[in-house]
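First comes the structure, then the notes that go with it.
The values are calculated or read from the model by the stated rules, or taken from the named source; none is laboratory data. Values in this document were obtained by computation on a predicted structure and should not be read as measured data. FYI the Cβ positions are ideal-geometry reconstructions off the backbone, even for glycines, and counts take in every protein chain you see.
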Amino acid sequence: MKKVFCYSSIIILFASAVQAEVPGLNKAVFFPLRPALVAEVGPTPVPAAPTAMPQKSKGKAFIMSLLLPGWGERYCGAVRKSEIFMGAEIALWLGYAGLITWREWREDDYQSFATAHAGIDPDGKTETFYINISNYADIDAYNAARLRERNLYDYYKDVDLYYWKWESDVHRRRFDELRLSAARADNKATFVLGAIFANHLISAIDAVWTVHKHNSNLAQKVDWDVRLGDGVVHPFVQFALQVNF
C-alpha cells in the first residue's frame, strides 16, 4: 500500500512539473476527470464549403436595359458593354437636344426674316403658311393660284391677317433656305429619336444574351476548396469539390 501511494505521489508531482514547464498545456490532458476542462479542448468548428454563385434573371436584365441601356449588362457583370450602351445613350440624347435647339434657332431666324422682308404677322401662323410664302411672291399670287385650281379650302379670305409681299425674289429664296435648314434639323432629330429607341431595344436583347452566357458559365463551373485544422489538438484536412453540369 505504501508503494502504491508513493508511486501515485510521484506521478502527480511529475504531472505538476510538466505543467509548470509548459504553461499553455491544459490540465484536462492529464486530469480527464474534470468535464468542465475537457469541454475547453472540444473540436474546432469547420467552416462550410463555398456555395455556387446565384444565377441572373433574364427578365430582370431585359427590363433594366429597356429602361436604361447598359443597366442590364452591368447587372450581369459586363461592365465594358454597359459603358458602351450608356455612352451611346448619352451621346444620342445630346445630339437630339442639339438638333432641336438648332431647329428652334432657325425657326426664329426665318420668322424674323419674313417679318422684316415680307411684312408678315408671325402670331398664330402654321408651318403650312410659311411653306406657302416661300413659294409665292405675295398673297395675291397665292390666292390667284388657288382660284385657278378651284381650291377655296386653302384660299386666304382674311388678306390682312395672312398678308405678305416679298421685297425681292432674293429675299424669298433666302427665307426658303432658312426654313429648309430648320426642317432638315427637325428630320435629323426624329432620326436620332428613333436611334435612341433602337439603343434601348438592342441593349435589352443583349442583356438577355449576356445573362444566358453568364448562367451557362456557372452551369459548367468547377469549384474546389481545401481547408486545414489547427494542426495541434484537432488536426484535419477538408477538401471540397463542386462540379456543376
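For residue 144, all conditions in the list (1) at pLDDT 95 or above; (2) crowded, with 18+ Cβ neighbours inside 10 Å; (3) over 27 Å from residue 185 (Cα atoms) hold save one; what is the number of the exception?
Going through (1) at pLDDT 95 or above; (2) crowded, with 18+ Cβ neighbours inside 10 Å; (3) over 27 Å from residue 185 (Cα atoms) one by one, residue 144 breaks only (2).
Could you identify the single residue in 184, 174, 179 that is among the basic types (Lys, Arg), within 30 Å of residue 69 (Cβ to Cβ) and either at pLDDT 95 or above or in contact with an Asp or Glu (Cβ under 6 Å, 6 or more places away or on another chain) (or both)?
On the way: 174 fails: within 30 Å of residue 69 (Cβ to Cβ); 179 fails: within 30 Å of residue 69 (Cβ to Cβ).
Sole residue among the options that is among the basic types (Lys, Arg), within 30 Å of residue 69 (Cβ to Cβ) and either at pLDDT 95 or above or in contact with an Asp or Glu (Cβ under 6 Å, 6 or more places away or on another chain) (or both): 184.
Please find, among 157, 165, the residue that is of a type in the set (Lys, Arg) and modelled with pLDDT under 95. Explain how you work it out, then say what you get.
Details: 165 fails: modelled with pLDDT under 95.
Within the list 157, 165, the selection yields 157.
Of 87, 77, 70, 98, which residue is touching a Lys or Arg at 6+ places or on another chain (Cβ under 8 Å) and either modelled with pLDDT of 95 or more or farther than 30 Å from residue 177 by Cβ (or both)?
So the residue among 87, 77, 70, 98 that is touching a Lys or Arg at 6+ places or on another chain (Cβ under 8 Å) and either modelled with pLDDT of 95 or more or farther than 30 Å from residue 177 by Cβ (or both) is 70.
Residue by residue, here is whether (1) free of Cβ contacts under 8 Å to residues at least 24 places away in the same chain; (2) in a helix (DSSP H, G or I) holds:
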site: 80; (1), (2): yes, yes
site: 85; (1), (2): no, yes
site: 89; (1), (2): no, yes
site: 97; (1), (2): yes, yes
site: 100; (1), (2): no, yes
site: 107; (1), (2): no, yes
site: 114; (1), (2): no, yes
site: 123; (1), (2): yes, no
site: 128; (1), (2): yes, yes
